[in-house]
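Just below is one structure, and these are the notes that go with it.
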Amino acid sequence: MPKLVHTLGDAAIREYPLAAETFRIGRGADNDLRVDDPTVSASHAVVTIRPSPYLEGLDDVCLEDLGSTNGTLVNGRPVQRHLLKHGDLIRIGTQQFRYVDEHGADTEGTRILLNETRG
């Protein structure tokens, strides 16, 4: 099961399993992950999980910024929407999370070979 790991430097603080189809992150009390940090918007970001249209049995896990004041970064780059992969480092406000999906890590080196039809 994919999860977000709240980190401080190299130390893991807490793990949040991504078990639902949507997982909301923000400072507001109605979020699945409530982050008590003034640099985090009330409704900051959402993670959605959908079956992959390309790889049977795997899910696409997407992080989307919800128009937050301070933005959402993945691997140091600002994103509006980003398809997460195992090991991605997410920054929401001053908080840092690592996306962990050991099942999806097996596919990182996967290559798709297409048959070339020569005329």
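Here are the numbers for the structure shown:
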| item | result |
| --- | --- |
| LEU83 versus LYS3: modelled label distance in nm, points set 7 Å from Cα along the beta carbon direction | 2.5 |
| Value of relative contact order over region 10-89, rounded to a whole percent, pairs C-alpha under 8 Å and six or more apart | 20 |
| Projected label distance in nm at ARG14 and ARG34, using a 7 Å step from Cα toward the beta-carbon | 1.0 |
| Solvent exposure of region 1-63 as accessible area per residue, Å², 1.4 Å probe | 59 |
| Residue-averaged [θ]222 nm for the chain, counting only DSSP H segments that reach four residues, each worth -39500 (n - 2.57) | -500 deg cm²/dmol |
| Spin-label pair ASP60/HIS103, simplified geometry with 7 Å Cα→Cβ offset, distance in nm | 1.7 |
| Percent of C-alpha pairs per 5 Å bin, the chain, short to long | 2, 11, 21, 24, 18, 10, 6, 4, 2, 2, 1, 1, 0 |
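The values are calculated or read from the model by the stated rules, or taken from the named source; none is laboratory data. As the structure is a computational prediction, the values presented were derived from the model and not from experiment. Glycine also receives a Cβ, built like all others from the backbone with ideal geometry; neighbour counts cover every protein chain displayed. We work out accessible area using only protein heavy atoms, side chains counted, and drop any ligands, DNA or RNA first. Shrake-Rupley method; radii C 1.70, N 1.55, O 1.52, S 1.80 Å.
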